Amino acid sequence: MSAQIKIFDTTLRDGEQSPGCSMNLNEKIEMAKQLEKLKVDIIEAGFAIASPGDFESVRTIAETVHDVTVASLARAVKGDIDAAWEAVRVANKPRIHVFLATSPIHMQYKLQMTPDEVIARTAEMVKYAKHYCDDIEFSAEDATRSEKFFLSKVIETTIANGATTVNIPDTVGYATPDEMYNLMVHLRQTVKGIDNVDISTHNHNDLGLAVANSLAAIRGGATQIECTVNGIGERAGNAALEEIVMALKTRKDCYNADTKIDSTQIYRTSKLLTSVIGVRPAPTKPIVGRNAFAHESGVHQHGVLANKATYEIMTPEDIGIPSNAMVLGKHSGRHAFVERLKYLGIELPQEKTNEVFNKFKELADRKKIVSDRDIEALVGRNSITIDEKYKLKYFAVNSASEIGATATILLEWEGGSRKFAAIGDGMVEAAFSSIDDITGIYPELQSYEIQGVTGGIDAQGEVAVRLRVDDITVIGTGVSLDVIEASIRAYINGINKLIYEMEKRGIE
Ligand code: KIV
Ligand code: ZN
């Protein structure tokens with residue numbers, strides 16, 4: 001019989017806490033709904049004590065999803081555990097996730113605790129969490145650099161005090177697959193009660209071994225894997241969910257293990273995350289990278305045409321990349337458009353469907369063939385609703401060598417509108433300056449990225465900007481056939497998100 005592996009998704013906690021990957025509340029909710037469709041077993045929704053915003057998002061996700069366990073992280077202190085419980089208690093299936101470091105270096109320098117104190121604290125805090133909740137996970141932070149018999153003792157203590165999942169993180173991405181396999185076997189052999197709980201692993205990718213270590217852990221007896229969509233996370237990231245799931249599926253002969261994941265939702269989930277954080281996976285990223293299923297060389301193309309299996313070990317359809325290249329154009333009606341959205345697995349509220357359909361019509365007027373990727377780009381962030389204070393009404397830009405550029409922008413908002421002109425070295429700079437003057441918000445532009453949605457001279461440009469005011473960082477995105485318009489839309493989207501975040505925090 002094959003082993004059943006639980007997938008613990010920490011995109012919204014470990015993934016989100018990495019630089020440039022922050023999400024607002026609505027974005028986290030949309031991601032959580034999509035993770036539920038993907039059929040992950042556990043969503044780690046955040047670290048409730050970290051900030052009021054984190055608390056609110058864990059709580060709202062706990063209220064929103066139904067079929068999936070919702071976990072909040074907590075250090076091994078009462079205040080953290082209280083906050084975690086307050087945030088997840090409304091979930092159908094709540095979990096408190098307590099962690100404490102067990103490696104000599106962490107105990108001595110970070111915690112300033114002796115090994116005996118760590119054991120005592122672990123026992124006390126797991127017991128404390130258990131008085132709230134049945135489902136308790138304990139993580140031995142930096143487990144892979146811990147003394148292995150001490151680790152066994154800690155894990156045994158947590159099980160004796162009520163832990164139902166014990167997690168063995170490779171916090172600094174130091175372990176090798178052989179070591180991970182051996183550690184799992186060691187724990188299975190030395191820890192009393194281990195067969196009654198889930199053994200989990202959580203691997204960081206500093207040496208590019210996170211997925212290999214997760215798979216080795218499964219061979220060694222792990223029953224839960226912690227991972228993130230697109231492998232986002234601290235430093236080099238966490239183990240990538242899609243890679244683990246597809247490795248288990250494609251090499252069932254090797255791992256003899258299943259997950260509950262609906263792999264046809266992988267592409268959509270990856271896309272949604274990309275549009276939310278504005279960080280695209282590398283083109284060569286396995287499973288979800290732009291080139292993951294592209295066959296460039298003539299020899300490969302010839303082979304694939306003769307028989308796909310010559311060079312394809314899995315199909316694009318396995319992860320939900322649409323196969324039927326139905327073409328939409330300016331004569332396509334609303335019905336065909338809605339059917340196409342359905343086919344692409346995109347669900348939008350009625351008013352958003354209308355908005356996106358209008359944008360589709362505008363695009364189809366200017367572009368002969370509207371591809372699935374164009375539609376996905378149009379939908380982009382539209383699946384996520386924030387109140388957009390400023391709307392673009394009009395823009396005009398000019399640029400000439402030697403003289404520089406000028407931009408005039410007209411923005412509208414409820415009850416008002418304002419037009420401003422500004423100059424700059426280039427059109428983008430001039431346009432952004434006039435938006436700053438209109439809104440009175442002068443964010444730091446931390447990054448600006450542009451990419452063609454498809455190939456071809458009539459491709460839409462997709463722009464992502466990262467903007468920062470104080471400690472608030474947001475990603476704004478915009479899509480248009482005109483790259484200057486895409487840039488302006490991305491910047492306004494970012495400004496609207498900054499305003500949303502500032503208002504939530506009571507900043508004028
Ligand atoms: O990397 C790590 O050790 C963690 C734990 C808190 C699980 O993220
Ligand atoms: Zn981690």
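The values are calculated or read from the model by the stated rules, or taken from the named source; none is laboratory data. As the structure is a prediction and not an experimental result, all values here were calculated from the model. We place every Cβ from the backbone using ideal geometry, glycine too, and count neighbours over all the protein chains shown. SASA here: full protein model, heavy atoms, side chains in, ligands and nucleic acids out. Shrake-Rupley method; radii C 1.70, N 1.55, O 1.52, S 1.80 Å.
Within region 205-244, the residues that satisfy the criterion of being at pLDDT 95 or above and of a type in the set (Asp, Glu) are Asp206, Glu226, Glu242, Glu243. Within the set Asn238, Asn256, the sole residue that is within 16 Å of ligand 1 (Cβ to nearest atom) and among the polar types (S, T, N, Q) turns out to be Asn238.
Look through region 1-28, keep the residues that are assigned to a loop (DSSP other than H, G, I, E, B) and crowded, with 19+ Cβ neighbours inside 10 Å, and return whichever of them is farthest from ligand 2 (Cβ to nearest atom).
Asn24
Residues checked against (1) assigned to a helix (DSSP H, G or I); (2) more than 16 Å from ligand 1 (Cβ to nearest atom):
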| residue | (1), (2) |
| --- | --- |
| Glu30 | yes, yes |
| Glu63 | yes, yes |
| Asp67 | no, yes |
| Ala71 | no, no |
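For region 269-298, filtering for residues that are within 25 Å of Glu347 (Cα to Cα) and open to solvent by 40 Å² or more (accessible area, probe 1.4 Å) leaves 4. Residues in region 353-369 that are at pLDDT 85 or above and of a type outside the set (Asp, Glu): Thr353, Asn354, Val356, Phe357, Asn358, Lys359, Phe360, Lys361, Leu363, Ala364. When region 167-176 is filtered for residues that are assigned to a loop (DSSP other than H, G, I, E, B) and within 16 Å of ligand 2 (Cβ to nearest atom), the ones remaining, listed by number, are Thr171, Val172, Gly173, Tyr174, Ala175. Within region 13-28, track down each residue that is at pLDDT 90 or above and touching a strand residue (DSSP E or B) at 6+ places or on another chain (Cβ under 7 Å). Hits for region 13-28 are Arg13, Asp14, Gly15. Evaluating Tyr255 against the criteria (1) modelled with pLDDT under 85; (2) open to solvent by 40 Å² or more (accessible area, probe 1.4 Å) leaves one unmet condition, (1). Scan region 446-463 for residues that are open to solvent by less than 10 Å² (accessible area, probe 1.4 Å) and either hydrophobic (A, V, I, L, M, F, W, C) or under 30 Å from Gly506 (Cα atoms) (or both) and report the count. Matching residues across region 446-463 total 2. Of the residues making up region 176-201, those that are touching a residue at least 40 places away in the same chain (Cβ under 8 Å) and farther than 23 Å from Asp135 by Cβ are Met180, Leu183, Thr190.
In region 202-209, the count of residues that are acidic (Asp, Glu), open to solvent by 50 Å² or more (accessible area, probe 1.4 Å), without any contact (Cβ under 8 Å) to a residue 40 or more places away in the chain and under 27 Å from Arg251 (Cα atoms) is one or more. The residues in region 390-428 that are surrounded by 17 or more Cβ atoms within 10 Å (Cβ to Cβ) and either acidic (Asp, Glu) or within 30 Å of Ile29 (Cβ to Cβ) (or both) can be counted, and the count is 3.
Consider region 35-50 and keep the residues that are open to solvent by 10 Å² or more (accessible area, probe 1.4 Å) and either outside any helix (DSSP H, G or I) or in contact (Cβ under 8 Å) with a residue 60 or more places away in the chain (or both). The one that is nearest to ligand 2 (Cβ to nearest atom) is Phe47.
Checked against the criterion of being assigned to a loop (DSSP other than H, G, I, E, B) and either among the hydrophobic types (A, V, I, L, M, F, W, C) or open to solvent by 10 Å² or more (accessible area, probe 1.4 Å) (or both), region 177-190 contains not a single residue that satisfies it.
Condition check ((1) within 16 Å of ligand 1 (Cβ to nearest atom); (2) touching a helix residue (DSSP H, G or I) at 6+ places or on another chain (Cβ under 6 Å)) across all residues:
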residue	(1), (2)
Ser2	no, no
Asp9	yes, yes
Lys33	no, no
Ala50	yes, no
Glu56	no, no
Arg75	yes, no
Asp82	no, no
Trp85	no, no
Val90	no, yes
